[in-house]
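The structure under discussion appears below in the form of structure tokens.
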Amino acid sequence: MKIQVVRATMPYNPKIGTPITALDTPSMVVDLSLMESNIDKLFSHLLTTGIRIRPHLKTTKSVALARKLVAAGATGGCVAKLSEAEVFTDQGFTDLLITTVVVGKVKVGRLVELWKRNREVRIVVDSEAGIRGIEEGMKEAGVQEGKIMTLLDLDVGLHRTGCQPGEEALRLARLVRQSGYLELIGVQGYEGHLQHVHSKSERRERCLEAMSILTKTAEALREDGHAIRVVTTGGTGTAEFCVTVPGVTEVQPGSFLFMDTDYRNAVGTHYSNSLTILATVISKQGPKCVTIDAGLKSLTTDSGLAECKTPGYTYGVLGDEHGSLSWTDAPDLEIGDRVEMIPSHIDPTINLHDSYYAHRDGIVEEIWSVDARGKVQ
Ligand SMILES: Cc1ncc(COP(=O)(O)O)c(C=O)c1O
């Protein structure tokens with residue numbers, strides 16, 4: 001028998017108006033007032049500079065949240081993966097930049113199909129092989145008219161993707177110009193290696209160096225006859241510096257919405273930790289040690305361990321489904337007590353959950369789906 005796998009529907013569907021104290025756990029909860037304040041802080045400052053904000057939606061993977069950001073003044077959004085772009089497009093959110101190069105026959109085939117139904121989608125390229133692959137895909141699909149809006153991805157120091165500035169960038173830009181299928185509209189240079197630099201002055205200085213590479217490359221491409229109208233860059237830790245650089249047109253912050261302990265430890269508390277994982281104490285393992293129902297499948301550990309929102313308790317991982325909380329002189333926790341855990345790394349933690357329960361003063365006001373959960377292709 002052939003089995004068609006579909007996402008299971010959940011028998012548990014809490015309603016708007018439910019107090020968060022009545023939610024089952026683990027649950028991903030968002031403090032709306034804190035999140036709105038984060039949006040306000042970022043947008044009220046950055047929008048006055050005239051630079052566009054294209055928030056990175058890889059953090060939230062949520063169409064509802066993308067729409068909130070556009071209502072606040074964002075210009076579309078970024079996604080990291082083609083499959084995320086497919087999900088957002090299918091829900092009518094179409095102004096998207098896919099910030100990762102699209103490589104491989106299967107993925108290019110999907111890109112061409114996506115582009116046929118969403119001509120607003122923008123892509124990045126960083127190699128001749130990548131450019132040729134997309135051209136072949138477009139040709140094989142019999143595309144007769146229209147070009148995919150394309151940005152040259154530049155390595156400004158992260159050494160993850162991106163071509164080298166100088167001759168390499170000029171050569172690839174010329175290849176795009178010769179292409180019947182791609183239209184070069186700009187350059188992307190993401191300085192991801194600088195987002196978590198703890199010293200603000202060092203972060204700023206190194207960011208300005210990276211921005212100099214990016215804007216000088218954009219200028220060199222213009223001198224070579226390319227109509228570069230988009231220069232996109234920046235994240236939560238650097239956007240405030242990027243917007244001061246003439247020539248930058250767009251920034252891509254994502255984590256500012258919710259933050260996490262790793263980001264907070266690096267850049268401070270200007271943006272609040274607005275998202276927590278609600279958990280329940282399910283067992284007592286000593287006079288000052290309990291087990292909670294949130295382990296590796298609820299909270300990621302790649303950037304250190306999550307923190308209990310209430311100070312005085314130390315979290316430990318007890319496995320996939322379990323974690324420990326221990327303390328020395330905080331109030332005792334008992335079975336059935338509930339705690340809120342602040343994730344150490346927000347993006348992969350969100351990808352572990354189906355829904356956000358957004359509350360104001362403890363009452364669930366909105367429920368959003370993690371629409372692109374698991375969309376890593
Ligand atoms: C290309 C790109 N732009 C922007 C961001 C957003 O950065 P942050 O979440 O630090 O704001 C990321 C995050 O990894 C990214 O990969």
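Please pick out the residue among A330, A306 that is crowded, with 20+ Cβ neighbours inside 10 Å and either of a type in the set (A, V, I, L, M) or over 15 Å from G286 (Cα atoms) (or both).
Only one candidate passes the filter, namely A306.
Does F241 satisfy the condition of being out of contact with any Ser or Thr (no Cβ under 9 Å at 6 or more places or on another chain), among the hydrophobic types (A, V, I, L, M, F, W, C) and either within 13 Å of the ligand (Cβ to nearest atom) or part of a helix (DSSP H, G or I) (or both)?
Yes; evaluated as a whole, the condition is true for this residue.
Among the candidates S324, S303, single out the residue that is outside the structural domain of K61 (by TED's automatic domain parsing), in contact with a strand residue (DSSP E or B) (Cβ under 9 Å, 6 or more places away or on another chain) and among the polar types (S, T, N, Q).
When all the criteria are applied, what remains is S324.
Evaluate the following for S274: is it within 9 Å of the ligand (Cβ to nearest atom), buried (at least 19 other Cβ atoms within 10 Å of the Cβ) and in contact (Cβ under 8 Å) with a residue 60 or more places away in the chain?
Judged against the criteria, S274 is not a match.
From the list T310, T314, which one is in a strand (DSSP E or B) and touching a residue at least 12 places away in the same chain (Cβ under 8 Å)?
Only one candidate passes the filter, namely T314.
Where the second residue is more than 9 Å from the ligand (Cβ to nearest atom) and part of a helix (DSSP H, G or I) and the first is more than 12 Å from I342 (Cα to Cα) and lies in segment 251-266, which pairs have Cβ atoms under 7 Å and are six or more apart or on separate chains?
V251/L46; V251/C242; P253/L42; F256/N38; F256/L42; L257/M35; L257/N38; L257/I39
Identify, by number, the condition in (1) under 15 Å from the mean Cα position of the chain (by Cα); (2) buried (at least 16 other Cβ atoms within 10 Å of the Cβ); (3) away from the ligand (no atom under 16 Å from the Cβ) that T349 doesn't meet.
(3)
Could we say that T48 is more than 16 Å from the ligand (Cβ to nearest atom) and loosely packed, with under 14 Cβ neighbours inside 10 Å here? Walk me through it before giving the result.
Numbers: more than 16 Å from the ligand (Cβ to nearest atom): yes; loosely packed, with under 14 Cβ neighbours inside 10 Å: yes.
Here the answer is yes, as T48 does meet what is asked.
Can you tell me which residue is nearest to the ligand (Cβ to nearest atom) among those in segment 164-210 that are of a type in the set (G, A, S) and within 20 Å of the chain's Cα centre (by Cα)?
Residue satisfying both the conditions and the ranking: G192.
Is there a residue in segment 46-54 that is farther than 15 Å from Q252 by Cα and out of contact with any strand residue (DSSP E or B) (no Cβ under 6 Å at 6 or more places or on another chain)? Steps first, answer last, please.
Narrowing segment 46-54 to residues farther than 15 Å from Q252 by Cα: 48.
With the extra rule that they be out of contact with any strand residue (DSSP E or B) (no Cβ under 6 Å at 6 or more places or on another chain), the set shrinks to 48.
Yes, segment 46-54 contains a residue that is farther than 15 Å from Q252 by Cα and out of contact with any strand residue (DSSP E or B) (no Cβ under 6 Å at 6 or more places or on another chain).
Only one of these conditions is not met by P246: (1) away from the ligand (no atom under 14 Å from the Cβ); (2) in contact (Cβ under 8 Å) with a residue 60 or more places away in the chain. Which number is it?
(2)
Only one of A210, A227 is closer than 22 Å to L172 by Cα, among the aliphatic types (A, V, I, L, M) and touching a His at 6+ places or on another chain (Cβ under 9 Å); which?
On inspection, the qualifying residue turns out to be A210.
Quick one: G73 ticks every box in (1) within 14 Å of the ligand (Cβ to nearest atom); (2) within 20 Å of T238 (Cβ to Cβ); (3) among the small types (G, A, S); (4) touching a residue at least 24 places away in the same chain (Cβ under 8 Å) except a single one, so which number is it?
(1)
The values are calculated or read from the model by the stated rules, or taken from the named source; none is laboratory data. This is a predicted model, so every value here is computed, not measured. We place every Cβ from the backbone using ideal geometry, glycine too, and count neighbours over all the protein chains shown.
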